Structures are given as structure tokens and as C-alpha cells.
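Inspection log for the structure reproduced underneath, given as C-alpha cells.
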Amino acid sequence: MLPRVILHIAMSLDGRITNFPADLELYYFLAATWNPDAILFGSETVLAAVRDNPALEVPPEHEEMFTPPEGVKDTRPLLVIADSRGRVRCWDAIRRWPYMRDLVAFCSSSTPEEYLSYLEGRKIAAIVAGTDRIDMRKALEMLNELYGVETVRIDSGGTLNSVLLKAGVVDEVSVLIHPFLAGGRAGPTMFDPVKAGFADLQIPLTHTKTEMVGDGLIWARYSVKG
Ligand SMILES: NC(=O)c1ccc[n+]([C@@H]2O[C@H](COP(=O)([O-])OP(=O)(O)OC[C@H]3O[C@@H](n4cnc5c(N)ncnc54)[C@H](OP(=O)(O)O)[C@@H]3O)[C@@H](O)[C@H]2O)c1
């Protein structure tokens, strides 16, 4: 079974998803309303976070950090990173994030063996789906089968968002619009089918709800038609 999939994006009024002071406290507060069992990141999003936040830099690696938490039922979401090319090498730092119960990698048959061994050495489960790139539909179905994940929130830019929309697995698009004109470069955007390799992709949406939240932000929600 496919889990319910929600894209949740913080955006400036002029459509930028970076280069503006996003209200992260509100963003994550609203994100919790779906009570997701898993949060899926694109590899580029993780690498951008590491670039922007030196605290995420790879620390010295210690064996005890690779041991998944044990004991009582842990209701925190899984953190999943799509990374078929084996570019994310800071899993040990990510494991320290307090709001995730465990880590899973989405890979494909083209993922280098060396990277799969690297993950195994750190006790990070890999879901392998797809030949060249990750087959997102299959990977999400496996996430449901193997981990009982019923709701996934996507924390990603326009590339992975487009891949998921193309695969027809997205249920809801949620946009938190900030009263801010960010300017600068147009990219990255919340929807970038050209970068994802589907230049002609267009997605009709149905508006479901709009609320004013926080200090003049607009929280607009849409379901994906069909
Ligand atoms: N404002 C917000 O709410 C928000 C939220 C998240 C991120 N961001 C920003 O968005 C930017 C990153 O966005 P991005 O669009 O560059 O990257 P992205 O969406 O984070 O990452 C690209 C992901 O798409 C996968 N992918 C690409 N083409 C694919 C295909 N054909 N089939 C399957 N998977 C495919 C890649 O997988 P492989 O690794 O396997 O190639 C990778 O995991 C960052 O600057 C970040 O700060 C903003």
C-alpha cells in the first residue's frame, strides 16, 4: 500500500524557497499536524542544509552512534533520504537529530556497492527500488510494507517534488507563504520538472483550505487532481 504523501513547502511571496527568513518554528509546528510516520528528504536538500549549517558538519565517527535506539515504542518519525548516488556522508551527524527515531536510505540498483556497505556499517537500512534512479512509488510501498509507514511528509526542493508528482504518489501540496519578497536567483523552486527530467510535466490542483497563520503568513493547501 502507498502511504499518504504530503509536500510541505515554505515560500516567499515571490516564489523563492531559499534566501529568505522562513518561520521555521511555524513551518515545523504546522508540519506536525499530519503526524507523519516518516519524513523524506532529497539528497540535494540534505547537502544544502549541511552547507548552510556548519553544526551539521561530519563529526568524528564513533561506533556507539551507529546503534539504533532501543527499548520502548518510539513514536517519532523515520528520517528517509533519497540518495541513489551515495552523496550523503553525514548520516552519523543526522542520527543525532533528536526528532527522528531512525534512519532509512532510498537507493537504486545503480547505487555504488561501496555506498551500500557504508550504510550497512552504520546500521542504516537501505530500501533499493528502481534501476538507474529510485522508483519512488515502489520505494514508498516498501516503506509502508517494511515499516508500517502510513503518512510521509516530503521535505525537499522542486526536483524530488516533481519526481513524486510525476509518479502520481502525492496526495497534498501545502504551501506556507511568507510576507517577504526575496528576489535573487529564481531557483531552486518548489516544482522543477525540467531539472527532474520531465520538462512538460504540469499538475492541476484542487484548493482545499487557506488560513492566515502566525504573523501574516498564508497557509494554502491543495489536493492533487486524479
Ligand atoms: N523552502 C522549503 O520548504 C524547502 C524545503 C526543502 C528544500 N528546500 C531547498 O531546496 C533545494 C534543493 O532542492 P533540489 O530540487 O535542488 O533538490 P532535492 O529535491 O532536494 O533533491 C533531488 C532529489 O531528487 C532525486 N531525483 C532527481 N531526479 C530523479 C529521478 N529522475 N528519479 C528519481 N529521483 C530523482 C535525487 O535522487 P538521487 O540523490 O538518488 O539522485 C535527490 O534525492 C535546497 O536549496 C533546499 O534548501 C527548500
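The values are calculated or read from the model by the stated rules, or taken from the named source; none is laboratory data. It should be emphasised that the depicted structure is a prediction, and the values quoted were computed from it without experimental measurement. Cβ placement follows ideal geometry from the backbone for every residue including glycine, while neighbour counts extend to all protein chains displayed. In case anyone asks, the SASA skips ligands and DNA or RNA and just uses the protein heavy atoms, side chains included. Shrake-Rupley method; radii C 1.70, N 1.55, O 1.52, S 1.80 Å.
Things worth noting here:
- Inter-residue pairs, beta-carbon under 7 Å, first in a loop (DSSP other than H, G, I, E, B) and in region 2-15, second acidic (Asp, Glu) and surrounded by fewer than 20 Cβ atoms within 10 Å (Cβ to Cβ), 6+ apart: 2/141; 3/150
- Counted residues, region 116-127 - those being open to solvent by 20 Å² or more (accessible area, probe 1.4 Å) and under 12 Å from residue 81 (Cα atoms): 2
- Any chance residue 105 is within 18 Å of residue 41 (Cβ to Cβ), part of a helix (DSSP H, G or I), within 13 Å of the ligand (Cβ to nearest atom) and open to solvent by less than 20 Å² (accessible area, probe 1.4 Å): no
- Only one entry in 102, 171, 192 is modelled with pLDDT under 95 and either among the charged types (D, E, K, R) or under 27 Å from residue 210 (Cβ atoms) (or both), namely 102.
- A count restricted to region 147-166 and to residues that are near the ligand (Cβ under 9 Å from one of its atoms) and not in a helix (DSSP H, G or I) stands at 4.
- The set of residues in region 38-60 that are modelled with pLDDT of 95 or more and not in a helix (DSSP H, G or I) comprises 38, 39, 40, 41, 42.
- Cross-chain or 6+ apart pairs with Cβ under 8 Å, region 179-197 first and within 18 Å of residue 22 (Cα to Cα) and assigned to a loop (DSSP other than H, G, I, E, B), then near the ligand (Cβ under 10 Å from one of its atoms) and of a type in the set (A, V, I, L, M): 188/17; 189/17; 190/7; 190/9; 190/11; 190/17; 190/175
- Options 213, 128, 169; residue that is within 12 Å of the ligand (Cβ to nearest atom) and in the same structural domain as residue 22 (by TED's automatic domain parsing): 169
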